[in-house]
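J.: The structure that follows is given in the form of structure tokens.
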Amino acid sequence: MIIRIGRIFATVVAIVSGLFVLTDMFVTQWPGNFFGLKMAVNNLGLLLVSWAAIVTAFALLLGFANVMSVHANRIRTRQPGAMYSGVLLLSLIGTLVVGFRGPASANGQFLFNAILQPLEATFSALLVLFMATAAYRAMRIRDLESLYFALIAFIVLLGQPPIGTYLQFELPIIGGRFELPILKDFILEVPALAGMRGILLGVALGTIATGLRVLMGLDRPYAD
Amino acid sequence: MIANLILATPVLFLLIFVWLIYYFTHRVQNGKKPLLRSIRGFELIKGLTGRAIETGRALHLSLGVGGLADSTTADTLAGLAVLSYLAQKAAITGVSPTVSMANPMTMLYAQNAMRGAHIDDADSAEEALRHIRWIAPQPTAYAAGVMNLLAIDKAEATVMVGHFGDEYLLMGEVAARREVAHVGGSSNPNALPFIYLSADQTLMGEEIYAAGAYLQQRHSHIGSLMAQDAIRWLIVFTIFGGILYHTIK
């Protein structure tokens, strides 16, 4: 019974909060103040969004506890990779201690500029290598779909660099001129763009439907 | 007058959408279920729990780098719908998936979904909750964590549904090299080529939002799929009508 009441309460709070934030989005566009109503809805919307930020900050603390518990358990049960878990926990605690003086402190800045940023940059650079291996695998023709994929990729890749401009010649029987960069531009601007817009339109409809289901109380991920 | 009409259009659009969702959900509840086209990604997900039991190896689910209080909320909810299905399967079979995410708020929702599926058994709920792992808030750090997770846990299969960016390829390539069964899906068009390159099956764009309808046969999800189709036809006819009008004019 208590669980049921809790679910109903959570649903009501979620629907009312969602409706206020949605109304705020629309009311902002309307001209006039409607006897202070517009300002009131604006302020309430802002307040609810700021509460979401506070909740996220608390969630970060719980995330911290989750990392600690998962890796401490790995070390305790001597699972494979327990050594890495040890390094992770030491780094976590070390960063936390340094962070007590604030992220703007000299040590905090050192951590970010000399360790974290270069590591992230190095890791992102790995993407180039991964892209090459993924492209190699994709170019292997297994079926008709991968044949289209490889063919289109080949045309676009060849049409992109300056050498592509030399790939042009007169068409023998039908007449006219074939220019690879023009074909590449056509592929990118017509079928690729049309496909992209189709995906985006579908995503927009899917996003609205997902949001409306939550607003209507048909979907309750917070109370399931 | 025209300005007011333009301002009222989005409200009108939403009201029509709400009515359509209610109408189609009601129809589905009365037994008028439509025939859903087969999506191979969801078919593969349905078989993954069985494979994990047979091989005794873990099943990994990534909820992506999105959160629940920003523009990526819908993608994260789509990932949570997949989790909800896998958690229910886990409650029956006893094989819990390892769930990872980059946003701590998503972690709380994932824990909630897992707890909800194991509501009758506190011990198995506690065990299942141990498999939920918040890794790191930065996308590259998260990708590094997932790469490690796939390698160390020797996952049998990985499902990655949610919001992803370029970092997807880092995780996807590890899965592809280790020949792990892999289903990926995102609404971000920039991440889709990476998913297509590395995954066995790709959930393209809006397909991820159909998870609840395909995996759990939820009436409201099937109803909203039908509402989306109705609105899509409305948009197609409006575009077509606009072209005709301007051509004749």
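The values are calculated or read from the model by the stated rules, or taken from the named source; none is laboratory data. As the structure is a computational prediction, the values presented were derived from the model and not from experiment. Note that we place each Cβ from the backbone using ideal geometry, even for glycine, and neighbour counts take in every protein chain shown.
J.: Among all residue pairs at least 6 apart or on different chains, which show Cβ distances below 8 Å where the first residue, located in region B:127-152, is more than 15 Å from B:Pro97 (Cα to Cα) and the second is of a type in the set (D, E, K, R) and in a helix (DSSP H, G or I)?
T.: Short answer, once both residue conditions are applied: B:Gln138/A:Glu120; B:Thr140/A:Glu120; B:Ala141/A:Glu120.
J.: Applying the selection to region B:46-55, what residues are surrounded by fewer than 14 Cβ atoms within 10 Å (Cβ to Cβ) and more than 13 Å from B:Val183 (Cβ to Cβ)?
T.: B:Gly50, B:Glu54, B:Thr55
J.: For region A:1-24, how many residues are in a helix (DSSP H, G or I) and at pLDDT below 85? Step through it out loud before you land on a result.
T.: Of all residues in region A:1-24, those in a helix (DSSP H, G or I) come to A:2-24.
Among the residues that remain, those that are also at pLDDT below 85 are: A:2-7.
Adding up the residues that qualify gives 6.
J.: I've got another one for you. When only residues in region B:152-178 that are more than 12 Å from every other protein chain (Cβ to nearest Cβ) and surrounded by fewer than 23 Cβ atoms within 10 Å (Cβ to Cβ) count, which is nearest to A:Met139 (Cα to Cα)? Talk me through it step by step, then tell me what you get.
T.: So in region B:152-178, the residues more than 12 Å from every other protein chain (Cβ to nearest Cβ) come out as B:155-162, B:164, B:178.
Narrowing further to those that are surrounded by fewer than 23 Cβ atoms within 10 Å (Cβ to Cβ): B:156, B:178.
Working: B:Glu156: 26, B:Arg178: 19 Å.
Looking at the filtered set, the residue picked out is B:Arg178.
Listed here are the residues, each with its yes/no results for (1) surrounded by fewer than 23 Cβ atoms within 10 Å (Cβ to Cβ); (2) outside any helix (DSSP H, G or I); (3) not hydrophobic (A, V, I, L, M, F, W, C).
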position: B:Leu44; (1), (2), (3): yes, no, no
position: B:Leu63; (1), (2), (3): no, yes, no
position: B:Gly79; (1), (2), (3): no, no, yes
position: B:Leu86; (1), (2), (3): no, no, no
position: B:Met105; (1), (2), (3): no, no, no
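J.: Sticking with this structure for a sec: Mind telling me which of the residues B:Met204, B:Met226 ends up being at the interface with chain A (Cβ under 8 Å from one of its Cβ atoms) and in contact with a Leu (Cβ under 9 Å, 6 or more places away or on another chain)?
T.: Among B:Met204, B:Met226, only B:Met204 is at the interface with chain A (Cβ under 8 Å from one of its Cβ atoms) and in contact with a Leu (Cβ under 9 Å, 6 or more places away or on another chain).
J.: Okay, moving on. Residues that are among the aliphatic types (A, V, I, L, M): list the helices (runs of 4 or more DSSP H) wholly contained in region A:70-170 that include at least 2 such residues. Lay out the reasoning, then the answer.
T.: Values: elements: A:82-99, A:106-110, A:117-138, A:144-159.
Ranges flagged: A:82-99, A:117-138, A:144-159.
J.: Moving on. Taking A:Gly195 as the residue in question, decide whether it is within 30 Å of B:Trp233 (Cβ to Cβ), within 14 Å of chain B (Cβ to nearest Cβ) and surrounded by fewer than 15 Cβ atoms within 10 Å (Cβ to Cβ).
T.: On the way: within 30 Å of B:Trp233 (Cβ to Cβ): yes; within 14 Å of chain B (Cβ to nearest Cβ): yes; surrounded by fewer than 15 Cβ atoms within 10 Å (Cβ to Cβ): yes.
Here the answer is yes, as A:Gly195 does meet what is asked.
J.: Let me ask you something else. Hey, any hits in region B:224-233 for a residue that's at pLDDT 95 or above, surrounded by 24 or more Cβ atoms within 10 Å (Cβ to Cβ) and within 18 Å of A:Phe149 (Cβ to Cβ)?
T.: no
J.: Quick test of your reading of the structure: A:Lys184 fulfils all but one of (1) assigned to a helix (DSSP H, G or I); (2) within 12 Å of another protein chain (Cβ to nearest Cβ); (3) charged (D, E, K, R); (4) over 21 Å from the mean Cα position of the chain (by Cα). Name the failing condition by number.
T.: Failing condition for A:Lys184: (2).
J.: Oh, and also: Select from region B:207-223 the residues that are farther than 19 Å from A:Arg220 by Cβ and away from chain A (no Cβ under 11 Å) and list them in ascending order.
T.: Of everything in region B:207-223, just one residue is farther than 19 Å from A:Arg220 by Cβ and away from chain A (no Cβ under 11 Å), namely B:Tyr214.
J.: Tally up the residues in region B:55-80 that are of a type in the set (Asp, Glu) and under 12 Å from the mean Cα position of the chain (by Cα), please.
T.: Kept after step one, since they are of a type in the set (Asp, Glu), are these residues of region B:55-80: B:70, B:75.
Still in the running and under 12 Å from the mean Cα position of the chain (by Cα): B:75.
Of the residues in region B:55-80, 1 are of a type in the set (Asp, Glu) and under 12 Å from the mean Cα position of the chain (by Cα).
J.: Going by what's in this entry, would A:Asn43 be described as in a loop (DSSP other than H, G, I, E, B) and surrounded by fewer than 13 Cβ atoms within 10 Å (Cβ to Cβ)? Full working, then the answer.
T.: Working: in a loop (DSSP other than H, G, I, E, B): no; surrounded by fewer than 13 Cβ atoms within 10 Å (Cβ to Cβ): yes.
Spelling it out, it is not the case that A:Asn43 is in a loop (DSSP other than H, G, I, E, B) and surrounded by fewer than 13 Cβ atoms within 10 Å (Cβ to Cβ).
J.: Would you mind listing the strands (runs of 3 or more DSSP E) fully within region B:127-223 where at least 3 residues are small (Gly, Ala, Ser)?
T.: B:181-186
J.: Right, next: Could you check region A:20-43 and list, in sequence order, the residues that are within 28 Å of the chain's Cα centre (by Cα) and more than 11 Å from chain B (Cβ to nearest Cβ)? Spell out the reasoning first.
T.: Within region A:20-43, the first condition is being within 28 Å of the chain's Cα centre (by Cα), and the residues that meet it are A:20-26, A:28-29, A:42.
Passing the criteria: A:Phe20, A:Asp24, A:Asn42.
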